[in-house]
Amino acid sequence: MKNTHWMIVLLIAMMTTVLPWSVFAEGGEEDELSGFALFEKLRAMKLEAQAAMVKEDYVEAAKIYRRMARYEKNRARSAAYLLRGADCLMQAKKGHRALEEYTNLLENYPLYVPYEHVVEQLRQLAEWFIVGDGTFLGIKDKDTGIKIYELIIREAPAVQVTLKDRLRLAELLDGSGRGEEAVVVYQAILRQEPDNWDVRAKLALLFLKLSKNGDGDGAKLRAAVREANLVLQSNPDNPLAKDLKKLCREAESEEADRLLKNGEFYLLPAHRRPSAARRYMHDVIMKYPDSNAAKEARRLLKTNPELRALEEQNEKAVIIPPKEPSRPTPPAKPAMTVQLKPTQPAQPAKPAPAVQPKPAPVSKPNPKALEREKARKEAERIKQERELKERQEIEKAKRLKEQEKERLEAEKKQAEKMRKAAEAEHKKAAEKAAKLQAEREKEAARVREREEAERKKAAEKAAKLQAEREKEAARAKEREEAERKKAAEKAAKLQAEREKEAARAKEKEEKARQKRLEEERKARQKEEQKRQEILRREADKSAKERAKQEDEERSRIEKARQKAEGQLMETGGAKPGDHVQLVVQDRKKQEESRREAEEELKRIRERNARMLKNDPKLLEEEQKRLKELMEKNRRR
């Protein structure tokens, strides 16, 4: 186990030592290549990348294009190679690696990027991640889609970023639970296009959604209502008008509930402030009289002892003047003074100059007249209080209307200001884009000039190199021709020597062959003599044997004849001289067979003699045949 650990440590150490040197060596090779060698290297790599694309091996093609971008020293061509590699990764469905390449292009090569193509590819890539095509196992990745749209808006020129890109980014942020960032995107769109009522309606609905998650001072709800009112006033036929009206109703209800809760908060024992609670209750009743919160506020004002006491105290603070008497010389009527609510202070009326009344005669009061006077004063007080409340409500409604009018005018001015700012910003962006385009064109012209100069230099260098190669080839051809001539002369001499040597060897071989043939002829002659002697001996021997056989045959025939004659004599059927004829016929046959055998032997000997000169094997075969024939004759 310890040895295994030590082997792993050693392997890691070797990798950490060797890999940096390999990277350094590779970088050194890239730095060393230049001129025509670099051109040849890039051309070969381009052919390899095209072959990989034909085989639909787009990942390998992307690797080759990335290496070409490292080798290439011209930034425009390097950006083009990186773009091709990124497009290959897109075709291979390698979303994350393609995003890295496009990000590298936008951040490091801003002057050489075809933004229209790159932005379109990034949009497609973002939708892949959103629907799950660009991720492992088809998992949806909205965060990466958001990053891609943010990259488009941040790095691409303003002319290439469309309203759809910003709206798509805002929708994705809202769908991912990042509503505050979506609000920023919507507000940026409205700064450029203040009259885009669809975007403003979506912003109002988004404010309402955010206010439900937490809105301490009601700023988000007020913003939602403000945007909704602008849309409803300026574009009442908007597709979201129904939702906006519902938003306004909900906002009023929520604002009324909020004010009511604030009033109830100041009725709690720990935070008891009845005057503040009463003020909030009156605000609810004045602003939202038809809401449920207003009904609850009226109930609290009647049922809560502290609030009821404050209401009574406010009623007593109102001084109502007595009705003018019918007597001819009535006393002067003092001016009416009204104490207003704390929330709505009013300037007190200036008192009229007092007039000293004439003394009236003292009379005894009538109880019924006092009650009627008291009822009349109470009715006048109630009427005066009602009129006062109506005047206050009318003034407050006028004041609110004026405030609303001022707010709308301020908002219109702000919108106009924002529109002008957006136009100025758009104009600046257009000027910046024009300047950037001009710089790009200038840079492209400079790049083309540099490329043309480099191409001319490369062509001149290639021409010089070609001329040097041709000269070198001519010199090499001359050297080869001289060497070939020398080799030919040497080969001719060697051939002559070989021919002479061959002639001498041929003469020696001819002499040896003649000598050998002579020896073979003499040996054949000796063998022939031996064979002739053997054949002669065999012929003599066969002749003797044949003679002996003939003698035996004659004696046999003689015996047979004698025997036959004896039999004939005994039978008496034979004629004299019959046996002589038989003997004569038998002898003739023997002579004919002997002559035939001799002629055949003669022919064989002649043939053997002829064949001896040509082929000894045929001679041996003929001798065997002769022996067989002699044996056959002997047997016969």
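Annotations
- Rounded percent of accessible protein surface that carbon and sulfur make up, segment 365-439, 1.4 Å probe: 56
- Listed by chain and number, the lysines placed with their C-alpha closer than 22 angstrom to that of Lys522 are Lys508, Lys511, Lys530, Lys613, Lys617; residues fewer than eight positions away on the same chain are left out.
- Residues of segment 430-454 with amide N under 16 Å of the 7 Å Cα→Cβ point at Gln466: none
- Ordered from highest to lowest accessible area with the whole protein assembly present and a 1.4 Å probe, Leu206, Leu167 read as Leu167, Leu206.
- Pairs from Lys456/Lys477; Lys220/Lys246; Lys41/Lys464; Lys220/Lys242 whose Cα-Cα separation, in the structure shown, is over 22 Å: Lys456/Lys477
- Listed residue pairs exceeding 26 Å between alpha carbons, taken from Lys209/Lys401; Lys55/Lys93; Lys563/Lys588; Lys209/Lys302; Lys485/Lys506; Lys63/Lys432: Lys209/Lys401; Lys209/Lys302; Lys485/Lys506; Lys63/Lys432
- Ligands, DNA and RNA excluded, the heavy atoms of Val59 present near 40 Å² of accessible surface to a 1.4 Å solvent probe.
- Placing +1 on the Cβ of every Lys and Arg and -1 on the Cβ of every Asp and Glu, with nothing else charged, gives segment 511-557 a dipole about its Cα centre of roughly 520 debye.
- Net +/- balance of residues flanking Pro274 in space, Cβ distance below 11 Å, scoring K and R +1, D and E -1: +3
- Each pair of Cα atoms in segment 453-568 enters the Kirkwood radius, and Stokes-Einstein at 10 °C and 1.306 mPa s then converts it into a translational diffusion coefficient of 65 µm²/s.
- Working note: Debye formula, equal point scatterers on the alpha-carbon atoms of segment 73-150, no solvent; log10 I(q)/I(0) at q = 0.11 Å⁻¹ is -0.27.
- Solvent-accessible area of Asp143 with every protein chain in place, 1.4 Å probe, in Å² to the nearest 10: 80
- Positive-end extreme of charge dipole, segment 412-506 - chosen from Ala488, Ala458, Ala444 (charges on Cβ): Ala444
The values are calculated or read from the model by the stated rules, or taken from the named source; none is laboratory data. Worth saying up front: this structure is predicted, and the values here are computed from it rather than measured. Glycine gets a Cβ as well: all are built from the backbone with ideal geometry, and neighbour counts include every protein chain shown. Only protein heavy atoms, including side chains, enter the accessible area calculation; ligands, DNA and RNA are left aside. Shrake-Rupley method; radii C 1.70, N 1.55, O 1.52, S 1.80 Å.
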